[in-house]
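Structure first, then comments.
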Amino acid sequence: SAKREGKNNFQIFDETLALGTEKRLNILTLLRADKSNSQYALYYQPICHIENKRVVGFEALVRFYDDNGCLIFPDEFIPILEETGMIIDVGRWVINECCCQLAQWQADGCFPQDGYIAFNVSAKELLQAGFLQGIKDCCQTHGVNPRHLVMEITESVIIDKPEKVKLILNDVREFGIKLALDDFGTGYSSLSYLQNYPFDILKIDKSFIDDLSENSKDTKITKAIVALASSMDLKVSAEGVETTFAYETIKSLGADIFQGYLVSKPIDASKAEQLLGESSVSQTDKK
Ligand code: C2E
Ligand code: MG
Ligand code: MG
Ligand code: MG
């Protein structure tokens, strides 16, 4: 090992690095071995209306089960999928799964009328030839109306090829899929993106929501973002709402929708279905 080869500081650094690399390599090996994407699962986090907390949709979040059934989270494997290009295949699986699930929930009659499933895409997926056609085919296969889908991208997806990405987003929006700008506030926070790209929803990053307190800098920024987005007819979504205080604050600032552990963590499809059942029961109760 590197340890035996020398005793200088570089070796210590090397070892830490190697640990990270070894873990990555292990994950990569697991991902590669799953030829049919059978170890991936989508979890669904409820997105709720700010006024009545009713479920308006779900964000689909991918997970990977290792051979022992242990859950691996996307922050650990999405970067690997992106670097290796495997994200293209997995991304297709994700979108197909979203459409399949949506169709089933709609057929069961438990899905909100204007409800949606939001899915995340990275730059490589978006920029691949035939990306939109693939989604169209999925919608066709499962009989899904694209207005029940939201595509989430971060600003980093735009930055390298802003013009090309704009054309693709325009086509996606034209097809009827709504667009959300994810993690807003963490990256370039370019106001021109809001103006020149066809976004419907702006998702304020969790880091702002975490630091809301009376008169804090983040509260002021959040207030300004909400005002700006509303003036552009964008819906404002708050991510990572964990406390009643955060909920009340973003409500008073004018956010439209929110998601976070306060209501629910991402849950598997059967739990999500249960939740939908409960809320449609309580809806009929009120009539
Ligand atoms: P994201 O799209 O910003 O998703 C929100 C993340 O915040 C999720 O983490 C969610 O579980 C977490 N979260 C939501 N509410 C709370 C809260 O109240 N407290 C805390 N502490 N966390 C909360 P997750 O599922 O680990 O996903 C991480 C990221 O991985 C996502 O960030 C997204 O960028 C990426 N990702 C997930 N699924 C996919 C996918 O299918 N395709 C691609 N390309 N990326 C994905
Ligand atoms: Mg997202
Ligand atoms: Mg986000
Ligand atoms: Mg994120």
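Every read-out reported here was derived from the displayed coordinates using simple, explicitly stated rules and does not represent laboratory data. All values reported here derive from a predicted model rather than from experimental measurement. For neighbour counting, all protein chains shown are included, and Cβ atoms are generated from backbone atoms with ideal geometry for every residue, glycine included.
See the values below:
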item: Segments 21-30, 139-148 sorted - mean Cβ within 10 Å per residue, highest first; result: 139-148, 21-30
item: Calculated diffusion of segment 198-287, Stokes-Einstein form, Kirkwood radius summed over Cα pairs, 10 °C and 1.306 mPa s, µm²/s; result: 111
item: Radius 10 Å from Cβ of Ser279, net charge of other residues (Lys, Arg +1; Asp, Glu -1); result: +1
item: Cα-projected label distance for Lys164 with Gln128, points at 7 Å along beta-carbon direction, nm; result: 1.5
item: Residues Asp114, Asp205, sorted so that the one with the fewest Cβ neighbours within 10 Å comes first; result: Asp114, Asp205
item: Amide proton proximity set for Gly260, modelled H, under 5 Å, gap of 5+; result: Gly240, Val241
item: Semi-axis lengths (Å, descending) of the ellipsoid that matches the C-alpha gyration tensor of segment 79-235; result: 28, 20, 15
item: Segment Ser36-Ser231, length gained on full extension (0.36 nm per residue, minus Cα span); result: 65.6 nm
item: CD proxy at 222 nm, helix term only [per DSSP H run n ≥ 4: -39500 (n - 2.57); per residue of the chain; nearest 500]; result: -16500 deg cm²/dmol
item: Amide proton proximity set for Lys235, modelled H, under 5 Å, gap of 5+; result: Ile201, Leu202
